[in-house]
Amino acid sequence: MPLINRLDTRSADFDSALTRLLAYDASQDESIESTVRDILHDVQTRGDAAVLDYTARFDRVQAGSLTALEIPRSDCQAALAGLPADRRAALEAAAERVRRYHEHQRAQTWTYTEPDGTMLGQQITPLDRVGLYVPGGKAAYPSSVLMNAIPAKVAGVPELIMVTPTPGGTRNPMVLAAAALGGVDRIFAIGGAQAVGALAYGTQTLPAVDKIVGPGNAYVAAAKRRVFGTVGIDMIAGPSEILIVADGSTPAEWLAVDLFSQAEHDELAQAILLCPDEAYLNAVRDAIERLLPQQPRADILRVSLANRGALIHTTGLEQACSLVNRIAPEHLELSVRDPQAILPLIRHAGAIFMGAYSSESLGDYCAGPNHVLPTARTARFSSPLGVYDFQKRSSLIQVSATGAQTLGRIAVTLATSEGLHAHAASAALRLNDPA
């Protein structure tokens, strides 16, 4: 098995080879779907009691009530105060940068008035209550707390409820500290599909939310998929992806490690490099071979790079950008001398990192833009998580008496053509001269 796949756009079988490389089976595991369906039904039926039963079974945490599993905000403040100075400073710096970036996304209510006095517009309001799922145990990511909580608070969400499992009763202090910095209002030490069900349907203790955001395992993803419609969700994320367009001006070692940065997530992650310079592709390949054994997650990297990674030789940067739009990656690095020159050619990417110093890992933690990004080619039609995901738009229509004469006649004609006579009558009643 090769260390990493090599493709060339000049090859006759390139299109089929790329299609195979990009293929990802997103079909659901029937056993997971069946288990999640039963858990959600149980939580919807029994509420607190069901959540407590599953928490005892899966997380080995016994509690007499769901109230006993609520983590006081004072514990989050204490976790923040107890962090080593360097970790606290890093977390606070990241939180401030994420907040400052997302404040630019806040939408405003607007209106305009027509000459006849009719006012039209759009009112922006935040969601009332949002649920944030945060993985627990080893897969605990405080950066994800910041990326999900801060945009919700910038949007003006008055109540943000976080759920996070604490296997064996172990709490992650960085996660709790991030919750304090992110402005989370309530935290419950529960997880899995049962926590998603509690957020979606509400229980005797935990109120139902309007939207659920945040990453989770296959059971959490299946649960979010099932409750969508009852509540909103952010997205169903697939394996992580990085696509790099290079012109050979960046040290090969830098890009080798950039490929590692996403491939190390899991065996299904994807890392691809596009470049018109074959000698440079060889240099990156050599750097991968030299540096990979030093990586703590080398076993995962080997599988990911061999199965879904690739170094692709293109005819030029313009062709590389065309391939970017075909692949529509989660993370895109434009590691070229003049990224601004090719940026107009890019239409589909979750986040675009421009220039040799803009490593994807900075975006994951502290650059400011959100790291919750569309995967599996969904960047063709969706966007990074942002303030706009926690705001709603309501249309404003205030028709003047004069405006009703013009609009009413239009509405009568169209409603009558559709056979909706009560609609026509409703508009006609407001006409000065119904005839």
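Specify the residue that is farthest from Ser322 (Cα to Cα); the eligible residues are those in region 402-425 that are part of a helix (DSSP H, G or I) and without any contact (Cβ under 8 Å) to a residue 12 or more places away in the chain. My answer is Ala425.
Got at least one residue in region 111-123 being hydrophobic (A, V, I, L, M, F, W, C), surrounded by 15 or more Cβ atoms within 10 Å (Cβ to Cβ) and under 30 Å from Ala193 (Cβ atoms)? No, because not a single residue in region 111-123 is hydrophobic (A, V, I, L, M, F, W, C), surrounded by 15 or more Cβ atoms within 10 Å (Cβ to Cβ) and under 30 Å from Ala193 (Cβ atoms). Taking Ala320 as the residue in question, decide whether it is at pLDDT 95 or above, buried (at least 18 other Cβ atoms within 10 Å of the Cβ) and assigned to a loop (DSSP other than H, G, I, E, B). Here the answer is no, as Ala320 does not meet what is asked.
Among the residues of region 134-178, those that are among the β-branched types (Val, Ile, Thr) and within 20 Å of the chain's Cα centre (by Cα) comprise Val134, Val145, Ile150, Val154, Val157, Ile161, Val163, Thr164, Val175. Gly350 meets the conditions (1) among the small types (Gly, Ala, Ser); (2) more than 23 Å from Leu362 (Cα to Cα); (3) surrounded by 15 or more Cβ atoms within 10 Å (Cβ to Cβ) in every case but one. The failed one is (2). Whether a residue is more than 20 Å from Glu241 (Cα to Cα) and touching a helix residue (DSSP H, G or I) at 6+ places or on another chain (Cβ under 8 Å) was assessed, and Ile342 passes this test. Going by the structure shown, is Ala379 in a helix (DSSP H, G or I) and surrounded by 18 or more Cβ atoms within 10 Å (Cβ to Cβ)? Considered against the rule, which asks whether it is in a helix (DSSP H, G or I) and surrounded by 18 or more Cβ atoms within 10 Å (Cβ to Cβ), Ala379 comes out as yes. Residues that are surrounded by 15 or more Cβ atoms within 10 Å (Cβ to Cβ) and assigned to a helix (DSSP H, G or I) within region 327-347 comprise Ile327, Pro339, Ile342, Leu345, listed in sequence order. One residue stands out in region 129-163 among those that are under 20 Å from Pro384 (Cβ atoms), touching a Gly at 6+ places or on another chain (Cβ under 8 Å) and free of Cβ contacts under 8 Å to residues at least 60 places away in the same chain: the one that is surrounded by the fewest Cβ atoms within 10 Å (Cβ to Cβ), namely Lys153.
None of Gln62, Gln44 is crowded, with 16+ Cβ neighbours inside 10 Å, over 26 Å from Glu330 (Cα atoms), of a type in the set (S, T, N, Q) and touching a helix residue (DSSP H, G or I) at 6+ places or on another chain (Cβ under 8 Å) except Gln44.
The values are calculated or read from the model by the stated rules, or taken from the named source; none is laboratory data. All of these numbers come straight from a predicted model, not from anything done at the bench. Cβ coordinates were reconstructed from backbone atoms using ideal geometry, including for glycine residues, and neighbour counts include every protein chain displayed.
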